[in-house]
1. Quote the FRET efficiency, to the nearest 0.05, computed for Trp236 versus Ser37 with a Förster distance R0 of 51 Å and r equal to the Cβ-Cβ distance.
2. Please sort 140-151, 187-198, 100-111, 261-272 by packing, taking for each peptide the average over its residues of neighbouring beta carbons within 10 angstrom, highest first.
3. According to a simple spin-label model (label point 7 Å from Cα along Cα-to-Cβ), what is the distance in nm between His172 and Ala279?
4. Extension gain Asn87-Arg288, at 0.36 nm per residue separation less the Cα-Cα distance, in nm?
5. Starting from the Cα of Thr145, step 7 Å toward the Cβ, then list every residue of segment 55-89 with an amide N under 16 Å from that point.
6. Report the local net charge at Ala279: Lys and Arg +1, Asp and Glu -1, summed over other residues whose C-beta lies under 12 Å from its C-beta.
7. For the residue pair Val190 and Thr58, what label-to-label distance in nm results when each label sits 7 Å from Cα along the Cα-to-beta-carbon direction?
8. Give me the net charge for the shell around Val190: Cβ to Cβ below 12 angstrom, other residues only, Lys and Arg +1, Asp and Glu -1.
Amino acid sequence: MRKYSLILIVVSAILLEIMGAAQYFMATYGTEEQLLSKANHDLEESQRVAAVKSEVETALRNIKTAVEMSITNPKGYYRIAAGLVKNNPHIVGAGAAFRPDYFKSQGLAKLYAPYVYDRQPDVKAKKKKTTEPMLTATLLPFDYTTREWFGKTIENSQSMWTQPYLDQGGTHIIMCTYVMAIQDRSGMTVGVFYADVPMEDVSVLLMDIQEGILESRTVLFIIQVFSLLVIGFIVWLAVKAFRRYKDQYVDPEKDHLVEQLAKLREVNTRLTKRNQELAEKLADMRQRMADVSQTTDTETNWYR
């Protein structure tokens with residue numbers, strides 16, 4: 001039994017070492033594969049990203065005249081933004097934002113920023129807008145004058161790309177925005193016009209990395225489950241061997257002891273009963289001796 005238990009312990013230890021080595025190998029190999037995938041993806045996508053940005057910049061430059069002419073009709077920016085989103089496969093949202101109180105004389109809000117976006121943008125496909133976009137028109141619900149893209153463009157009147165960010169107001173995707181200055185007839189920058197572009201290269205890359213991590217975790221999980229099953233099988237064998245040992249050695253000895261104890265109890269009962277009988281006989285003999293002694297004393301007294 002001791003030899004068998006020792007073998008089980010050694011096998012379990014070896015199995016745990018193999019499991020640890022497999023996990024280390026999978027983690028190391030998976031990380032290297034993810035890094036190589038990221039590097040290759042960046043190399044392949046760099047030219048495509050540059051082409052997308054150039055296409056978006058060209059689209060905004062082409063409508064710059066129409067944007068600046070619409071200052072006299074601020075609600076016309078909805079139409080311009082909708083056409084930009086509908087006709088450009090990489091733009092998921094577009095709009096304008098003006099200085100505070102710029103359209104106060106026309107009875108519009110203090111902060112006027114018309115915005116049109118696609119409620120269900122397709123950011124996974126290489127060629128976007130495979131279906132008709134679901135356009136929604138609204139006003140920006142926050143103070144855009146505190147945002148860097150508005151302040152910088154108003155200040156230096158230069159177009160710019162923003163850093164990637166997660167859109168919380170409309171599309172709820174990772175994107176960056178190209179911002180263009182809007183100038184009035186006097187040449188003063190009075191607002192900005194912008195276009196939102198999904199960060200497809202970032203989104204797809206993150207998706208690939210997450211899928212690679214998920215695959216690595218799945219393999220590690222399978223290894224762990226298999227190892228646990230094997231260890232459970234070994235434990236089951238150990239329990240089974242112990243029960244066999246118990247049935248062969250422990251239980252028979254226990255039955256023998258129980259049998260001997262029953263015999264001792266029977267002997268004890270017999271002795272107790274015998275002692276009671278002897279005690280009764282002894283008491284009877286004492287009574288007889290007492291009676292004989294009394295009779296003898298009576299006869300002796302009569303004789304005298």
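1. 0.75
2. Ranking the peptides 140-151, 187-198, 100-111, 261-272 by packing returns 187-198, 140-151, 100-111, 261-272.
3. 9.3 nm
4. Length difference between fully extended and current span is 58.8 nm.
5. Label zone hits: none.
6. +1
7. Each label point lies 7 Å from its Cα, and together they span 3.1 nm.
8. Net local charge, Val190 excluded: -1.
Rule-based calculations on the coordinates, nothing more; no lab input. Bear in mind the structure is a predicted one, so any value in this text is a computation, not a measurement. Virtual Cβ from ideal backbone geometry, glycine too; neighbours counted across all protein chains shown.
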